[in-house]
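Let me begin by presenting the structure, written as structure tokens, before commenting on it.
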Amino acid sequence: MAFDQPLPKSLSPSRLSDFQTCPRRYQHGSIERLPQPASYASAKGRFIHYVFEHLFSLEGDQRTIDRAREYLTPAIDEILTDDVRRDIGFDEAMLAKLLVESDAILLRYFEMEDPTTVTSEGVELRLGVDVNGAPLYGILDRLDRDPDGSLTIVDYKTGALPNRNYDSKTFANTELYAALCEAKLGERPSTIRLMYVAHGQSIERSVTDVVVKARASAAASAWTKINRYYEDGDFPATPSSNACRFCAFKELCRSQGVPVPAR
Ligand code: SF4
């Protein structure tokens, strides 16, 4: 079966993760562009990212919690579109919950760092570059210039903390961002910081040459496979409990005879 839709022109870390988790998920989401309904958690994540993006658009000395709170109201209109409201069953009680949780996140965030002291090289920084033949594209939450002159990739996380034995997947997307930075800006960030702003905790990892090369190589290999599956007209399904649990395409897969685990 040939696809009616064109192959995407670029590969983002999250789409790469889709592909590596299950190529069929990539087919449905990135080639066929089937809708993936928003969830309360995804809407809250975008809501908080909106506030941080605008907070960091201010001059350093203006980045106070009161200024951050001013962006909660515009975020309601910008992020909670009619489609999102329909998907998540939005009502007044949900709005109240969202605002209370968002304010708690802001309080925790301001305990984690003082944004007036942060020197940012970019916020919602869009980078696209060809790496080892793969057209990579990503949007970094923040790229900081540290006092010692090095760069740190900062990624906000609004969900749960990884368990204590977190694995390399926890950093996979951001390590690919490091490869993007190196290829596009000619400078490799030295550190990745994941800020779990709902929990007031950060985890960090140094960026090494070996890791950046490995991530770039894995992305290039995936891009080669994506092109091949696209030409074949079929991306194989690789169902598993972990892959399918939060997948938006469960019912479609089941209707096509894919043995999707019940949970
Ligand atoms: S439901 Fe499972 S098999 Fe189907 S696309 Fe999603 S992850 Fe793949």
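The numbers here are math on the coordinates, done by the rules we state, and not lab data. Since the structure is predicted, the reported quantities are computational estimates derived from the model, not experimental observations. When we count neighbours, we look across all protein chains shown, and the Cβ atoms used for this are built from the backbone with ideal geometry, even at glycine.
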Pseudo-spin-label distance GLU78 to LYS169, built 7 Å along Cα→Cβ, given in nm, is 3.1 nm
How big is D, in µm² s⁻¹, for the chain by Stokes-Einstein at 25 °C and 0.890 mPa s if Rh is the Kirkwood radius over C-alpha pairs?
123 µm²/s
So what's the back-of-envelope 222 nm ellipticity for the chain, counting only DSSP H runs of four-plus at -39500 (n - 2.57) apiece and dividing by all residues, rounded to 500?
-14000 deg cm²/dmol
Calculate the dipole size of the chain relative to its Cα centre from +1 charges on Lys and Arg beta carbons and -1 charges on Asp and Glu beta carbons; express the result in debye to the nearest 20.
1100 debye
What list of ³J(HN,Hα) couplings, whole Hz, do you get for segment 58-71 from phi and the Karplus terms 6.51, -1.76, 1.60, once you set θ to phi - 60° and write x for glycine and proline?
7, 4, x, 6, 9, 7, 9, 5, 5, 5, 4, 4, 5, 8
Defining a contact as two alpha carbons under 8 Å apart and six or more residues distant in sequence, what relative contact order in percent does the chain show?
23 percent
Suppose each label sits 7 Å from its Cα in the direction of the beta carbon; what would the SER17-GLU32 distance come out to in nanometres?
2.3 nm
Return the loop-located trypsin sites (Lys or Arg not before Pro) in segment 124-165 (DSSP other than H, G, I, E, B) with at most 12 other Cβ atoms within 10 Å of their own Cβ; answer none if there are none.
ARG164
How far apart, in nm, are two points set 7 Å out from the Cα along the Cα-to-Cβ line at GLN201 and at SER217?
3.3 nm
Please state the equivalent ellipsoid semi-axes for segment 40-116: what are the square roots of 5 times the Cα gyration tensor eigenvalues, largest first, in whole Å?
24, 12, 9
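Treat the count of other C-beta atoms within 10 Å as a stand-in for reagent exposure and order THR158, THR73 from fewest to most.
On the way: THR158 20, THR73 10.
With the fewest neighbours first, THR158, THR73 line up as THR73, THR158.
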